[in-house]
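Data first, discussion second: the structure below is written as structure tokens.
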Amino acid sequence: MSAADPSAIPAVNLAAFLDGDDEQQRQMAAEVDHICRTLGFLIVEQHGVSKQVIDDAWHTTREFFDLPLQQKMTTRSPDPGCPRGYFPIASEALAKSLGIDTPPDIKESLGIGPLRVPQREISAAELEFHYGENLWPEQPAQLRASLTNYMQSMESLGNNLLRLFSAALSLPHDYFTQFHADPMCALRCLNYPAVDEPLLENQKGAGEHADYGSITVLKSDPLVSGLEVRLPGGEWIAAPLVPDGFIVNIGDMMARWTNDRWVSTLHRVVSPGAAGSSQGRRQSMAYFYNTDFDAEISCIPTCLADGETAKYAPVNGGDYLHQRFSSALEPS
């Protein structure tokens, strides 16, 4: 692993794209296409999300993680396969989603699912897993309101990012909108606590993994490092600290859509409290902007060269997400 290199993850100005003329948008779209072909990670600046909304969500989430474990566990779902609610330390091993057997991750999280239920036919099982009722903690009192505001802002940001990504694929700017009318979005508020003893072999704050869905919008800790990204050559680099922007990466669904023209890049989190580290806890908020549950993910025709065939059979978005999420859970 090498030190953080601010130039290794390029930054883009989202407002410049949204407000730019046709030529400016084409130039930025070409730049983003190159980034997604080579790395799949970018830093998004001038994103339009209110600092107050971000700060409120950040601070109330921190207050939640400061609560005693017994109190946090009241927000734990009785269903071990539920993606919402509180997940205590060692309840996941993300590397297992790649078939890599590692010790469980040293992190705890609070998962929030979609804020609205789709007005369409959906089975009871699909409804419960993808759009089931959220498990809101009673304390802090303002947490529900702050995270609701944050998720609404993230959906707006996600739509604007999808406009940029559509342009980068030479598609109409609203191309991806049809697949995200009732998104299976998810917010994961994460806390990586300091640990006093050395980690087990191959144990991380979050094991290496690729994200499963369309795009991920990460508000990373502005003061404590830990996120590492795997470069195309196999080297791991430390992501830079990003005080005001978001770190955005494409997920496996987007890679499948593009027939691997774009890469869904492996990343991991090293526990900041590992032996020999002087850093304290690390916090982050990851927003996963995914498709509708019944969206078909099949190769975009413009991503097929003459004579080329699709690498992947079409998949249902909901089934795909369910399988990938379940593969990373530790037995309860």
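The values are calculated or read from the model by the stated rules, or taken from the named source; none is laboratory data. The model shown is predicted, which means the values in this text are computed figures rather than measured ones. Neighbour counts are summed over all protein chains in view; Cβ atoms, including those assigned to glycine, are modelled from backbone coordinates with ideal geometry. For the accessible areas, the whole protein counts, side chains as well, though only heavy atoms, and no ligand, DNA or RNA atoms are used. Shrake-Rupley method; radii C 1.70, N 1.55, O 1.52, S 1.80 Å.
Testing the spin-label approximation: label points 7 Å from Cα along Cα→Cβ at residue 120 and residue 8. State their distance in nm.
4.0
Keeping every protein chain present and rolling a 1.4 Å probe, give me the accessible area per residue for the chain in Å².
Value for the chain: 44 Å² per residue.
Calculate, for residue 138 and residue 15, the FRET efficiency according to 1/(1 + (r/R0)^6) with r their C-beta to C-beta distance and R0 45 Å; round to the nearest 0.05.
For R0 = 45 Å, the calculated efficiency reads 0.75.
How high is the relative contact order of segment 1-126, in percent, counting Cα pairs under 8 Å that sit 6 or more residues apart?
Answer for segment 1-126 is 16 percent.
Could you name the lysines in cross-link range of residue 51, using Cα to Cα under 23 Å and dropping any fewer than eight places away on the same chain?
Cross-link targets: 219.
With θ set to phi - 60° and the Karplus curve 6.51 cos²θ - 1.76 cosθ + 1.60, what are the ³J(HN,Hα) couplings of segment 194-208 in order, to the nearest whole Hz, using x for Gly and Pro?
5, 10, 8, 10, x, 6, 5, 4, 6, 8, 9, x, 9, x, 4
Give the carbon-plus-sulfur fraction of the accessible surface of the chain in %, rounded to a whole number; probe 1.4 Å, heavy atoms of protein chains only.
For the chain, the apolar C and S fraction of the accessible surface comes to 50 percent.
Between residue 73 and residue 309, what is the label-to-label distance in nm when each label sits 7 Å out along the Cα-to-Cβ direction?
About 5.3 nm separates the two model spin labels.
From zero up to wherever the largest Cα-Cα distance of segment 106-149 sits, split into 5 Å bins and tell me the percent of pairs in each.
For segment 106-149, the binned pair fractions read 5, 18, 25, 19, 16, 12, 5, 1 percent.
Hey, what angle do you get for helix 317-327 against the long axis of the chain, alpha-carbon based, 0 to 90 degrees rounded to 10?
40
Going from the alpha-carbon gyration tensor of the chain, what semi-axes, largest first and in whole Å, does one get by taking the root of 5 times each eigenvalue?
29, 23, 21
Per residue of the chain, what 222 nm ellipticity follows from adding -39500 (n - 2.57) for every DSSP H run with n ≥ 4, rounded to the nearest 500?
That comes out to -8500 deg cm²/dmol.
Quick one: among 258, 74, 309, which has the greatest mean-square fluctuation in a GNM of the chain with alpha-carbon springs under 10 angstrom?
Evaluated over the chain, the most mobile residue of the options is 309.
Give me the angle, in degrees from 0 to 90, between the Cα long axis of helix 143-168 and the longest principal axis of the Cα atoms of the chain, rounded to the nearest 10.
30
What is the mean projected area of the alpha carbon convex hull for segment 1-129, to one decimal in square nanometres?
13.1
Between residue 26 and residue 145, with labels modelled 7 Å along Cα→Cβ, what's the label distance in nm to one decimal, could you check?
4.9
For the chain, with a Gaussian network of springs between Cα atoms less than 10 Å apart, report the residue from 151, 73, 253 with the top mean-square fluctuation.
Greatest mean-square fluctuation among the candidates belongs to 73.
Report the full-extension gain for the segment residue 323 to residue 296: residue separation times 0.36 nm, less the Cα-Cα distance, to one decimal in nm.
8.2 nm
Quick one: in segment 201-265, what % of C-alpha pairs are over 16 Å apart?
Counting pairs separated by more than 16 Å, the tail of P(r) holds 54 percent.
Taking trypsin sites (Lys or Arg not before Pro) as candidate sites, keep only those in a DSSP loop with at most 13 other Cβ atoms within 10 Å, then name the longest stretch of the chain containing none of them.
Numbers: sites that count: 116, 120, 311.
Answer - 121-310.
For the chain, set up a Gaussian network in which alpha carbons nearer than 10 Å are linked by springs, and say which option among 214, 271, 50 fluctuates the most.
50
Any idea of residue 77's accessible area? Nearest 10 Å², probe 1.4 Å.
Here the residue's solvent-accessible area equals roughly 20 Å².
Over the chain, what is the relative contact order in whole percent, taking alpha-carbon pairs under 8 Å and six or more residues apart?
Relative contact order here is 24 percent.
Counting only GluC sites (Glu not before Pro) that are in a DSSP loop and have at most 13 other C-beta atoms within 10 Å, tell me the longest site-free stretch of the chain.
For GluC sites (Glu not before Pro) (loop position, at most 13 other Cβ atoms within 10 Å), the longest site-free span of the chain is 1-120.
Can you list the residues, at least 5 places off or on another chain, whose amide H is less than 5 Å from the amide H of residue 212, using H built in the peptide plane?
For residue 212, the qualifying residues are 252.
If I take R0 = 35 Å and measure r between the Cβ atoms of residue 236 and residue 90 in this structure, what FRET efficiency does the formula 1/(1 + (r/R0)^6) give, to the nearest 0.05?
0.95
Between the DSSP loop rule and a limit of at most 14 other Cβ atoms within 10 Å, which chymotrypsin sites (Phe, Trp or Tyr not before Pro) in segment 57-137 are left?
Counting only loop positions with at most 14 other Cβ atoms within 10 Å, none of the chymotrypsin sites (Phe, Trp or Tyr not before Pro) in segment 57-137 qualifies.
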